[in-house]
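Everything below concerns the one structure shown next.
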Amino acid sequence: MAVKPLIGHSFTNGDGAVAFELPDLPYAKDALAPHMSAQTLEFHHGRHHRAYVKKTNEMVTAQQGLEGATLIEVIEAAKARGATNLFNNSAQLWNHSFFWQCLSPAQGQEPSGKLAQLIDDSFSSTDAMLKKLVEEAESHFSNGWTWLILNRGKLEISSLHDADTPLAHDGMAPLFTLDVWEHAYYIDYRNERPKFANAVLSNLVNWEFVAENLDGRGGRRADQDGDQLAESLRETADS
Ligand code: FE2
């Protein structure tokens, strides 16, 4: 299966430090309306996600040995070093880059092929899985993310708090995520998180992207890197 090109790159600034970019949305800002408004995307992508990029770039320069590192390497290093602020901001940068790709304009899309089979095997039907995802999102306390993951060949639903990310956990290959931070839904749904979760899950899931991630390389699809990894992914896609 072809692997998409990376959605951005890291580059070195004048000091030789890593600098990451805010990836463009893969659709127009008004393309997800009425389920997710242009105004929500202006704030969520244009302000919140941008702030995580800015803070990551500010903090990563204070770390030794991360010149030329991929975003995922920065996240892993931050966790290993106990650099909590850098972990939170770099993980949020990656989580949001992944989240935008999990969505696509409402066109009656449904899972198909191997993904549909796995969903039926694990949850009995797509509707049953979506219901569980909505319940997971609803019951999640405070800020965080609801995940559909692949764990040793099986589909599982899970939640992670605040900025935590599957990249920091063994056995959690990310397939799909729903942002359940209040900033994701307050403009369109006020405090009604279940309404937001139901609208997004019923209408906006990019099932093609979810299916691609069955190869276990979902992490890389929201990574940012210099030339070396980008080149290796292009070679994989071409082969
Ligand atoms: Fe968010």
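Structure shown: which of 29/195; 54/131; 54/114; 29/154 lie over 27 Å apart, alpha-carbon to alpha-carbon?
54/131; 54/114; 29/154
Summing -39500 (n - 2.57) over the DSSP H runs of n ≥ 4 in the chain and dividing by its residue number, what mean residue ellipticity at 222 nm do you reach, to the nearest 500 deg cm²/dmol?
-13000 deg cm²/dmol
Restricting to Cα atoms and excluding each atom paired with itself, what does the Kirkwood estimate give for segment 113-216 in Å?
13.9 Å
Rank 121, 30, 225 by mean-square fluctuation in a GNM of the chain with C-alpha springs under 10 angstrom and give only the top-ranked residue.
Of 121, 30, 225, the most mobile in the Gaussian network model is 121.
Rounded to two decimals, what ratio of Rg to Rh does segment 72-136 give with C-alpha atoms and a Kirkwood Rh?
In segment 72-136, Rg relative to Rh is 1.15.
Past the 29 angstrom mark, what percentage of all C-alpha to C-alpha distances in the chain do you count?
Value for the chain (Cα pairs over 29 Å): 25 percent.
Starting with the fewest neighbours, write out 75, 187, 149 ranked by other beta-carbon atoms found within 10 Å of each beta-carbon.
Final ranking by Cβ density, sparse to dense: 187, 149, 75.
What is the fewest-to-most order of 141, 98, 43 by other Cβ atoms lying within 10 Å of their Cβ?
141, 43, 98
Any read-out appearing in this document is the output of simple, stated calculations on the displayed coordinates, not a laboratory observation. All values reported here derive from a predicted model rather than from experimental measurement. Quick reminder, even Gly has a Cβ in these numbers, built from the backbone with ideal geometry, and neighbours come from all protein chains shown.
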